[in-house]
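The values are calculated or read from the model by the stated rules, or taken from the named source; none is laboratory data. As the structure is a computational prediction, the values presented were derived from the model and not from experiment. Because the Cβ atoms are built from the backbone with ideal geometry, glycine has one as well, and the counts that use them run over all protein chains shown. Heads up: the accessible areas ignore ligands, DNA and RNA and are worked out on the full protein's heavy atoms, side chains in. Shrake-Rupley method; radii C 1.70, N 1.55, O 1.52, S 1.80 Å.
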Amino acid sequence: MTVSDPVVEDVVSTISRTATEIRQGLVGRRGTVDEENPSGETQAEADIWADELLEGRLTEIDGIGEYASEERATVVDCGADPDGDAYAIACDPLDGSSNLKSNNAMGTIFGVYDAALPARGDTLVAAGYVLYGPITTMVLATEESVSVYEMSGGERRLVQSDVTLPEEPVVYGFGGGVSNWPDEFEAFAREIETELKLRYGGAMIADVNQVLTYGGIFGYPGLESRPAGKLRLQFEGNPIGYVVERAGGRSSNGHRSLLTIDPDDLHERTPVHVGNAELIDRLEDRPT
Ligand code: AHG
Ligand code: MN
Ligand code: MN
Ligand code: MN
């Protein structure tokens, strides 16, 4: 099933083909380089390689004005004016790349913004991720709905449409480490751990995919050592918040939908909580 907007369809099919190549090319690229990305993180060889593949292909698409990624300090200007009729693409080329060492799931996140970057999440027209799990799948959210595709040979095959979070939450996963959580988040987590099953694997999209599949909540809160948390708004929080909100759930930075945050900086971090609306409401209602 193709996407109605031809530019978005072109982006999604380009990402489908490129993600297939990325997954195949992870073998032999599991090392790190002694470079840091704009967030000050050590880069994996595969982080840089995946970003270069995506940038090379996506900036060629007519109707794309900008490309930015977690691995790149500045926005790549592709000529057309995204405040005009062009879109801007933000990617996390490899989310969970530290899982390369332990051979656990990871993936590629993308967001298609109808605004110049950095942009609010509510300017997204599409967002999603490719999950490199036992099977390679793509979760794609558009203004219409959320769909799941299985990927093979660079093509995508629709396997589920109108995806919504299951009513009853089952799983939870919270990052950052208990010793680094502020007291009010720790109290919330203590409640949740008596109600749900722990599923945490160190790659946000793999953990979020469990929430999308079984219902529940994923969070990477603001930390005592780092009040803004670890995850980046443009490349991780907004696209995943868009997917989960389109699937009938909620997103939050602890106080409000991630999609309503006015960004100051391309690489700004934010606490990220996504999942069943009732659980996110409970988090936001806690005394801070
Ligand atoms: P990335 O590999 O793109 O830098 O993202 C890693 C993020 C996210 O995927 C995951 O939820 C989080 O880091 C895990 O952090 P911890 O290692 O602190 O659990
Ligand atoms: Mn990283
Ligand atoms: Mn990431
Ligand atoms: Mn990454």
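Quick one: which strands (runs of 3 or more DSSP E) lie wholly within segment 63-116 and hold at least 2 residues that are of a type outside the set (V, I, T) and over 20 Å from E9 (Cα atoms)? Outline the logic, then answer.
Details: elements: 64-69, 87-95, 106-113.
Once the strands (runs of 3 or more DSSP E) in segment 63-116 are filtered for at least 2 residues that are of a type outside the set (V, I, T) and over 20 Å from E9 (Cα atoms), what remains is 87-95.
In the list V148, V159, which residue meets the criterion of being in a strand (DSSP E or B), touching a residue at least 12 places away in the same chain (Cβ under 8 Å) and loosely packed, with under 14 Cβ neighbours inside 10 Å?
One residue alone meets the criteria, V159.
Whether any residue in segment 216-231 is of a type in the set (K, R), within 13 Å of ligand 1 (Cβ to nearest atom) and open to solvent by 10 Å² or more (accessible area, probe 1.4 Å) is what I want to check.
Kept after step one, since they are of a type in the set (K, R), are these residues of segment 216-231: 226, 230.
Add one more test, that the residue is within 13 Å of ligand 1 (Cβ to nearest atom), and what stays is 226, 230.
Pick out the ones that are also open to solvent by 10 Å² or more (accessible area, probe 1.4 Å) and you get 226, 230.
Looking for residues that are of a type in the set (K, R), within 13 Å of ligand 1 (Cβ to nearest atom) and open to solvent by 10 Å² or more (accessible area, probe 1.4 Å), one finds at least one in segment 216-231, hence yes.
Assess whether G241 counts as being within 16 Å of ligand 3 (Cβ to nearest atom), buried (at least 20 other Cβ atoms within 10 Å of the Cβ) and either under 16 Å from A277 (Cβ atoms) or assigned by TED's automatic domain parsing to the domain that holds T123 (or both). Quick ask: steps written out before the conclusion?
On the way: within 16 Å of ligand 3 (Cβ to nearest atom): yes; buried (at least 20 other Cβ atoms within 10 Å of the Cβ): yes; either under 16 Å from A277 (Cβ atoms) or assigned by TED's automatic domain parsing to the domain that holds T123 (or both): yes.
Taking the combined requirement at face value, the residue satisfies it.
Among the residues of segment 44-62, count how many are assigned to a loop (DSSP other than H, G, I, E, B) and open to solvent by less than 50 Å² (accessible area, probe 1.4 Å). Spell out how you get there, then give the answer.
So the first thing to find is which residues in segment 44-62 are assigned to a loop (DSSP other than H, G, I, E, B), and the list is 59-62.
From what's left, open to solvent by less than 50 Å² (accessible area, probe 1.4 Å): 59, 61.
So the answer is 2.
So, of the residues in segment 23-43 that are out of contact with any Ser or Thr (no Cβ under 6 Å at 6 or more places or on another chain) and among the β-branched types (V, I, T), which turns out to be least open to solvent (accessible area, probe 1.4 Å)?
By that ranking, first place goes to V33.
Among the residues of segment 180-198, is any open to solvent by 10 Å² or more (accessible area, probe 1.4 Å), within 16 Å of ligand 2 (Cβ to nearest atom) and either acidic (D, E) or assigned by TED's automatic domain parsing to the domain that holds L223 (or both)?
no
Which one of these does E60 not meet: (1) within 16 Å of ligand 4 (Cβ to nearest atom); (2) under 19 Å from V8 (Cα atoms)?
Tallying (1) within 16 Å of ligand 4 (Cβ to nearest atom); (2) under 19 Å from V8 (Cα atoms), E60 fails exactly one: (1).
Is one or more of the residues making up segment 83-94 more than 14 Å from ligand 4 (Cβ to nearest atom), within 24 Å of G153 (Cα to Cα), at pLDDT 95 or above and surrounded by 19 or more Cβ atoms within 10 Å (Cβ to Cβ)? Outline the logic, then answer.
Taking segment 83-94 and keeping what is more than 14 Å from ligand 4 (Cβ to nearest atom), we get 83-89.
Adding the requirement that they be within 24 Å of G153 (Cα to Cα) leaves 89.
Subsequent filtering for residues that are at pLDDT 95 or above retains 89.
Keeping just the survivors that are surrounded by 19 or more Cβ atoms within 10 Å (Cβ to Cβ) gives 89.
Scanning segment 83-94, I find at least one residue that is more than 14 Å from ligand 4 (Cβ to nearest atom), within 24 Å of G153 (Cα to Cα), at pLDDT 95 or above and surrounded by 19 or more Cβ atoms within 10 Å (Cβ to Cβ), so the answer is yes.
Listed residues E268, E236; which is buried (at least 24 other Cβ atoms within 10 Å of the Cβ), touching a helix residue (DSSP H, G or I) at 6+ places or on another chain (Cβ under 9 Å) and among the charged types (D, E, K, R)?
Checking each option against the conditions leaves just E236.
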